[in-house]
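Peer 1: Got a structure for you, questions after.
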Amino acid sequence: MIINDRIHGEITVKEPVIERLLQTKPLVRLKGVSQDGAPHFIQPRRNVTRFEHSVGVWYLSNRFNRPIEEQIACLIHDIPHTAFSHVADFVFPNEKHEFHDSFLTEVVLKSEIPAILKEHGIDVDNVLDKGRFPLLENELPDISFDRWDYFMRDGYMIGFLPRKTIKLFMGSMFIENEQIFFVDERIASMFAILFVNFSRLIWLDPVSHASFFLLAEAVKAAIQEGVIGMEDLFLVDEDVLKKLKASNNERVNSFLKRLKPGEEFIYVPKGEAEFYGPNKLRFVDPLVKKDGELKRVSEIVPSLGYYFKELKDRYSMIGVKQVT
């Protein structure tokens, strides 16, 4: 199987089990689920899908010749994402933005995936035990396959990261003892600086913050007024959006009509904000192998530590309002 990836170009899938999994209903569904969830309604360039991201996370694990169980875990890690991805974390607030994770086992076990894994001699329980695969989704400020891919993918689509820079990072990272690290502190510093700036300018920008709240309010209203049920959240974005619009519910549509290209929002103090609350802070402090020892790049370049602190201090809570 050949996959034409917008970041990596042609990717050849050689493992039969991976090829079969890519054609399962839970994976195919992700082609209709937006990676960004809400901001792409206002910023159409942000049109990455969860399927693309899942392939990208698997590709990184495959590139580093990780065990096949880990590669499968990387491929299927996002299949329980609800429509509009992390919008659900604003509908059902949780600190780590991991609402979907609680559905992973249920979605997998109800699908054709266990039968496929059994045919290939792979224990589904081992694959579902994400704690066995720290490189898939570890804790900030480490780099994981998941974090690495969504940074590259979102960065490329918004015009922030050129392919040359992506290739530089791809060729500059190594793995040892279940840790991803650089050997060049300059490239590690570049990765960290670009990541934190992307977080400030894109993931935490006023448009992103407002769009998540707007769509979440529309979904909450739709659930409260019986327009959609919980089961609808496991459809694709377009199907849920059609149900929301077809309801002609005044409350739902009052939020949806503001999700369109050209809308502008700005940061404001809490007292002036229409939408105020936390967003997910993202920054990485990469490991660097220096003199045979792994150190955080902020230990080598102390000013980066102040940069990370500024992000946390300034953006832990965000207030925004629409520009009229």
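Peer 1: Look through the range 13-47, keep the residues that are aliphatic (A, V, I, L, M) and over 21 Å from ILE116 (Cα atoms), and return whichever of them is surrounded by the most Cβ atoms within 10 Å (Cβ to Cβ). Spell out how you get there, then give the answer.
Peer 2: Just the residues of the range 13-47 that are aliphatic (A, V, I, L, M), to begin with: 13, 17-18, 21-22, 27-28, 30, 33, 38, 42.
From what's left, over 21 Å from ILE116 (Cα atoms): 33, 38, 42.
Details: VAL33: 25, ALA38: 28, ILE42: 20.
Result: ALA38.
Peer 1: Return the pair list, or none, for Cβ contacts closer than 9 Å from residues in the range 221-232 that are free of Cβ contacts under 8 Å to residues at least 24 places away in the same chain to residues that are among the basic types (Lys, Arg) and surrounded by 10 or more Cβ atoms within 10 Å (Cβ to Cβ), at least 6 apart or on different chains.
Peer 2: Partner pairs satisfying both residue conditions: GLN224/ARG251; ILE228/LYS243.
Peer 1: List the number of the failed condition for PHE84; all other conditions in (1) surrounded by fewer than 20 Cβ atoms within 10 Å (Cβ to Cβ); (2) under 15 Å from the mean Cα position of the chain (by Cα); (3) under 16 Å from LEU30 (Cβ atoms) hold.
Peer 2: PHE84 satisfies all of (1) surrounded by fewer than 20 Cβ atoms within 10 Å (Cβ to Cβ); (2) under 15 Å from the mean Cα position of the chain (by Cα); (3) under 16 Å from LEU30 (Cβ atoms) except (1).
Peer 1: Here is a further query. Enumerate the helices (runs of 4 or more DSSP H) found wholly within the range 53-138, keeping only those where 2 or more residues are under 20 Å from MET152 (Cβ atoms). I'd like the intermediate steps shown before the answer.
Peer 2: On the way: elements: 68-76, 88-91, 104-109, 113-119, 124-128.
Correct list: 68-76.
Peer 1: With respect to VAL284, determine if the residue is part of a loop (DSSP other than H, G, I, E, B) and under 25 Å from the mean Cα position of the chain (by Cα).
Peer 2: On the way: part of a loop (DSSP other than H, G, I, E, B): yes; under 25 Å from the mean Cα position of the chain (by Cα): yes.
The answer is yes for VAL284.
Peer 1: Do you know which residues across the range 278-311 are of a type in the set (Gly, Ala, Ser) and either closer than 30 Å to SER211 by Cβ or surrounded by 18 or more Cβ atoms within 10 Å (Cβ to Cβ) (or both)?
Peer 2: So in the range 278-311, the residues of a type in the set (Gly, Ala, Ser) come out as 292, 298, 303, 305.
Scanning the range 278-311 gives a single hit, SER298.
Peer 1: May I pose another question? Among all residue pairs at least 6 apart or on different chains, which show Cβ distances below 8 Å where the first residue, located in the range 113-141, is touching a residue at least 60 places away in the same chain (Cβ under 8 Å) and within 25 Å of LYS312 (Cβ to Cβ) and the second is part of a loop (DSSP other than H, G, I, E, B) and among the polar types (S, T, N, Q)?
Peer 2: Within 8 Å, the pairs are LEU135/SER144; LEU136/SER144; GLU137/SER144.
Peer 1: Does the range 273-286 include one or more residues that are among the acidic types (Asp, Glu) and closer than 20 Å to PRO93 by Cβ? Give the derivation first.
Peer 2: Step one: filter the range 273-286 for residues among the acidic types (Asp, Glu), giving 274, 285.
Retained after the next criterion (residues that are closer than 20 Å to PRO93 by Cβ): 274.
Looking for residues that are among the acidic types (Asp, Glu) and closer than 20 Å to PRO93 by Cβ, one finds at least one in the range 273-286, hence yes.
Peer 1: Would you be able to say whether some residue in the range 176-197 is within 15 Å of the chain's Cα centre (by Cα), touching a residue at least 40 places away in the same chain (Cβ under 8 Å) and within 24 Å of VAL91 (Cα to Cα)?
Peer 2: no
Peer 1: If I ask for residues that are in a loop (DSSP other than H, G, I, E, B) and modelled with pLDDT of 95 or more, which ones from the range 163-177 would you list?
Peer 2: Our first condition is that a residue be in a loop (DSSP other than H, G, I, E, B); within the range 163-177, this holds for 171-172, 177.
Answer for the range 163-177, where residues must be in a loop (DSSP other than H, G, I, E, B) and modelled with pLDDT of 95 or more: GLY171, SER172.
The values are calculated or read from the model by the stated rules, or taken from the named source; none is laboratory data. All values derive from a computational prediction rather than experimental measurement. With ideal geometry, Cβ positions are generated from the backbone for all residues, glycine too; neighbour counts draw on all protein chains shown.
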